[in-house]
Structure formats: C-alpha cells, structure tokens
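The values are calculated or read from the model by the stated rules, or taken from the named source; none is laboratory data. Here the structure is a predicted model, which means the values were calculated and not measured. Here Cβ is always computed from backbone atoms with ideal geometry, including for glycine, and neighbour counts include all displayed protein chains.
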C-alpha cells in the first residue's frame, strides 16, 4: 500500500530514460522481486511491468515533460496517482476475483485505493521536486 519509494523510482526512471524508462525500471524490479517470491512470480512480474507501462503511458498522455526540461508538477502528480491506483486496483481484483488467492475484504479495497493513490501522488510530487531542482540537466 505504501509504494512511495517504488513510485518515486519509476517516475525518475521515466524522466531520466525518456521513452519506456519506467517500464524498463519496473521490469528489472519485477524480475528481482519475482526471484524472492517464487510462488507468485508470474503475478509479481506482470504487475510490476504493468505499473511501469501505466506510468509511461500516463506520462505520454498527460505530457509531463516540457521543452525547457522542467516537468509540470500537477501533471506528474496526477500521472503517478492514476498509475498507482490503476495497478493497485487491477492487482487486487486479479488476486481476489480472477485467481482467488486472497479473500475479499471491502475495507482493504478502500484502503488500497485511497492509500495507493495518495502514495502515488506523494511520489509524483517528490519526483517533480527532485527533477526540477537537481536532475533536469542530467542526460544519459
């Protein structure tokens, strides 16, 4: 639920590596996490990769980057909040309804949606500040 660090790394990866940067970072994280959780490795990898794809797609749709190298904070916050909420909702739905690994819990559903969205928004805000202050002139 508290994915601020993960979302922050994905946002910075998308900004530093440009196209498909978050997907690349998420793929590496998914492989490493899947090695630790072998029983649910396919789910772990697919959800991690989908998180990166959602971030990259939302960056493109919301046009987070500007021509001057700065990022628009409000768009980055919205992008990360939506991406985090989507992947949280889809992963919860999958593990409860499609492949019943977990029992249904309406309280947990609301907590995942609210806390996940807030975590994504906080990560977007932090990534925007870090990028605009320190990293906008870094080129890889």
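Residues of the stretch 1-47 that are touching a strand residue (DSSP E or B) at 6+ places or on another chain (Cβ under 9 Å) and surrounded by fewer than 17 Cβ atoms within 10 Å (Cβ to Cβ): 18 alone. For the stretch 104-140, the set of residues classified as closer than 17 Å to residue 93 by Cβ, touching a helix residue (DSSP H, G or I) at 6+ places or on another chain (Cβ under 9 Å) and in contact (Cβ under 8 Å) with a residue 24 or more places away in the chain consists of 112, 113, 115, 116, 117, listed by residue number. Is there a residue being on the phi > 0 side of the Ramachandran plot, assigned to a loop (DSSP other than H, G, I, E, B), surrounded by fewer than 16 Cβ atoms within 10 Å (Cβ to Cβ) and modelled with pLDDT under 95 anywhere in the stretch 88-100? No.
Could you check, for the stretch 47-69, whether at least one of its residues is in a helix (DSSP H, G or I), over 18 Å from residue 12 (Cβ atoms) and in contact (Cβ under 8 Å) with a residue 40 or more places away in the chain? So far as the stretch 47-69 goes, yes, one or more of its residues are in a helix (DSSP H, G or I), over 18 Å from residue 12 (Cβ atoms) and in contact (Cβ under 8 Å) with a residue 40 or more places away in the chain.
Residues in the stretch 72-87 that are farther than 14 Å from residue 59 by Cβ and in contact (Cβ under 8 Å) with a residue 40 or more places away in the chain: 1 in all. Could you tell me whether any residue of the stretch 92-109 is more than 14 Å from residue 128 (Cβ to Cβ) and under 10 Å from the mean Cα position of the chain (by Cα)? Taking every residue of the stretch 92-109 in turn, none turns out to be more than 14 Å from residue 128 (Cβ to Cβ) and under 10 Å from the mean Cα position of the chain (by Cα). Look at (1) surrounded by 22 or more Cβ atoms within 10 Å (Cβ to Cβ); (2) in contact with a strand residue (DSSP E or B) (Cβ under 9 Å, 6 or more places away or on another chain) and you find that residue 72 fails only one, number (1).
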